[in-house]
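Asker: First the structure, which I've put down as structure tokens, then a few questions once you've had a look.
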Amino acid sequence: MNFKNFTDQDVISFYPKILKELKKRNIIRTNNLVGDLGEYWTRKKYNDTPSLPKLQDAPKSTKNIDAISVKGERYAIKSTSGSSTGVFASLPKDNEDKKFEFLVLVIFDKHYILQEIFELTWDQFLKYRKLKPPENKWNLPITNGVKLNAKIIFKNK
């Protein structure tokens, strides 16, 4: 599609239409495109791979987790096209209580093409997390060490 033939307003108006279609196809649930795409690809890869647990969406507004396995294991899912995750907004700065069993990192390129999916345990998350100023909330830098120690769920060729 050649966008040069459209006015600025026309191009802007495509975005909500695309979001509506993605929701209709059950690819996304909210307007958080990157986060919802990460959750979609995580569920798809886990549910389509016989050796991985089957995942379902966590109920809306559930703190700290995005999916639950059929065995009841809690999964947090973070998506990025950069070198770190966004902040874990609902994780207290000083609380060490286990909030999820697994953290799934979904990495996209700048065109939202899925590149990698990694799985970390809660203990691995605790080891690699960093406090991000000025929010003073945890995030996870995606370093080579993180990738080497995480379980590889998917890697684009």
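The values are calculated or read from the model by the stated rules, or taken from the named source; none is laboratory data. As the structure is a computational prediction, the values presented were derived from the model and not from experiment. When we count neighbours, we look across all protein chains shown, and the Cβ atoms used for this are built from the backbone with ideal geometry, even at glycine. Surface areas here come from the heavy atoms of the whole protein model, side chains and all, with no ligands, DNA or RNA. Shrake-Rupley method; radii C 1.70, N 1.55, O 1.52, S 1.80 Å.
Asker: Report the accessible area of I18, computed with a 1.4 Å probe over the heavy atoms of all protein chains in place, in Å² rounded to the nearest 10.
Answerer: 90
Asker: Subtracting the Cα-Cα distance from 0.36 nm times the residue separation, let me have the gained length for I113 to Y15 in nm, one decimal.
Answerer: Taking 0.36 nm per residue and subtracting the Cα distance, the gain is 33.5 nm.
Asker: Rounded, prolate or oblate: which fits the range 1-68 when a ≥ b ≥ c are the square roots of the eigenvalues of the alpha-carbon gyration tensor, with rounded for a/c under 1.5 and prolate only if a/b beats b/c?
Answerer: prolate
Asker: Out of the total accessible area of the chain (probe 1.4 Å, heavy atoms of protein only), what percent is carbon and sulfur?
Answerer: 53
Asker: Out of the DSSP beta bridges found with both residues in the chain, what percent are antiparallel (nearest 5)? Each step should come with its number before you reach the end.
Answerer: On the way: 20 of 26 bridges.
Of the beta bridges lying entirely in the chain, close to 75 percent run antiparallel.
Asker: With contacts defined as alpha carbon pairs under 8 Å and 6 or more residues apart, what's the relative contact order of the range 1-152 in percent?
Answerer: Taking the mean separation of contacting Cα pairs over the length of the range 1-152, I get 16 percent.
Asker: In nm, what is the difference between 0.36 nm times the number of residues separating I27 and S81 and their Cα-Cα distance?
Answerer: Values: separation 54, 0.36 × 54 = 19.44 nm, distance 1.82 nm.
Length gained, I27 through S81: 17.6 nm.
Asker: Angle check, please: helix 33-48 long axis (alpha carbons) against the longest principal axis of the chain (alpha carbons), in degrees 0 to 90, nearest 10.
Answerer: So the helix axis and the longest Cα principal axis differ by about 60 degrees.
Asker: Contour minus end-to-end for D123 and T62, with contour as 0.36 nm per residue of separation and end-to-end as the Cα-Cα distance?
Answerer: Here the segment from D123 to T62 would lengthen by 19.8 nm.
Asker: Shape verdict for the range 26-157, please, from the Cα gyration tensor: rounded (a/c under 1.5), prolate (a/b greater than b/c) or oblate.
Answerer: Working: a/c = 1.32, a/b = 1.19, b/c = 1.11.
The shape class here is rounded.
Asker: Another question, then. Taking +1 at the Cβ of each Lys and Arg and -1 at the Cβ of each Asp and Glu, which of L19, N136, Y46 sits farthest along the dipole of the chain towards its positive end, judged by Cα position relative to the Cα centre?
Answerer: The one lying farthest along the dipole's positive direction is Y46.
Asker: Quick one: 3J(HN,Hα) in Hz for the range 124-140, Karplus 6.51/-1.76/1.60 with θ = phi - 60°, rounded, Gly and Pro as x.
Answerer: Coupling constants for the range 124-140: 5, 4, 4, 5, 9, 5, 9, 7, 9, x, x, 5, 6, 10, 6, 9, 10 Hz.
Asker: Given +1 on the Cβ of Lys and Arg, -1 on the Cβ of Asp and Glu, and no further charges, what dipole in debye does the range 1-154 carry about its Cα centre, rounded to the nearest 20?
Answerer: 160
Asker: Then there's this: From the phi angles alone, apply the Karplus equation (6.51, -1.76, 1.60; θ = phi - 60°) to the range 98-106 and give each ³J(HN,Hα) in whole Hz, x where the residue is Gly or Pro.
Answerer: For the range 98-106, the Karplus-derived couplings read 5, 9, 7, 7, 9, 10, 9, 9, 10 Hz, x marking Gly and Pro.
Asker: Give the accessible surface of the chain per residue, rounded to a whole number of Å², with probe radius 1.4 Å and ligands, DNA and RNA excluded. Kindly include the intermediate steps, with their values, before the conclusion.
Answerer: On the way: 9700 Å² over 157 residues.
I get 62 Å² per residue for the chain.
Asker: Let me ask something else. Which FRET efficiency, nearest 0.05, do L148 and K4 yield, Cβ-Cβ r, R0 41 Å? It would help to have the intermediate numbers written out before the result.
Answerer: Values: r = 44 Å, r/R0 = 1.07.
The computed FRET efficiency comes out at 0.40.
Asker: Separate question: Can you tell me the mean projection area, over all orientations, of the convex hull of the range 72-134's alpha carbons? Units nm², please.
Answerer: Taking a quarter of the hull surface, the average projection is 5.0 nm².
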